[in-house]
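Q: A single structure is presented below for examination.
What follows is calculated from the coordinates using simple rules that are stated; it is not laboratory data. Fair warning: this is a prediction, and the values are worked out from it, not measured in the lab. Note that we place each Cβ from the backbone using ideal geometry, even for glycine, and neighbour counts take in every protein chain shown.
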């Protein structure tokens, strides 16, 4: 015995079909959005890595400048001592 579909059954099936189509469309949009976000995350990660590398380089340069300043101060102090010693000589 086959049951025939009534008009309300057809309408309900049509609504269900429409909702499934909307869901498929929304899933496609969300997947595209997710892919775009993944690309943006990769770009930002690369940018962060580059900034971190620059910061590391800057810290290294700062350390090198500080070491050179200390060395300059030591040389200056030694030269001042040598000059004092030379002035103390009566030549």
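Q: Which of these, 45, 63, 77, has the largest mean-square fluctuation under a Gaussian network model of the chain (Cα springs below 10 Å)?
A: 77
Q: At 222 nm, what helix-only mean residue ellipticity would the chain give, in deg cm²/dmol to the nearest 500, using -39500 (n - 2.57) for each DSSP H run of four or more?
A: -34500 deg cm²/dmol
Q: With a bin width of 5 angstrom, please list the P(r) values of the range 4-52 as percents of all Cα-Cα pairs, from the 0 bin to the one holding the largest distance.
A: 5, 18, 11, 12, 9, 9, 8, 6, 7, 5, 4, 3, 2, 1
Q: Given a 10 angstrom Cα cut-off, can you work out which residue in 64, 11, 26 is the most mobile in a GNM of the chain?
A: Evaluated over the chain, the most mobile residue of the options is 11.
Q: Multiplying the sequence separation of residue 47 and residue 69 by 0.36 nm and subtracting their Cα-Cα distance, what value in nm do you get?
A: 4.7 nm
Q: Would you calculate the volume per residue, in Å³, of the smallest convex hull containing every Cα atom of the chain?
A: Residue-normalised Cα hull volume stands at 96 Å³.
Q: In nanometres, what is the gap between the two model label sites at residue 55 and residue 90, each 7 Å from Cα along Cα-to-Cβ?
A: 6.4 nm
Q: Report, to the nearest 10°, how far helix 7-88 tilts away from the longest principal axis of the Cα atoms in the chain, using its own Cα long axis and a range of 0 to 90°.
A: 0 degrees
Q: I'd like the FRET efficiency for residue 11 and residue 31, computed as 1/(1 + (r/R0)^6) with the beta carbon distance as r and R0 of 22 Å, rounded to 0.05.
A: Efficiency, from the Cβ-Cβ distance: 0.10.
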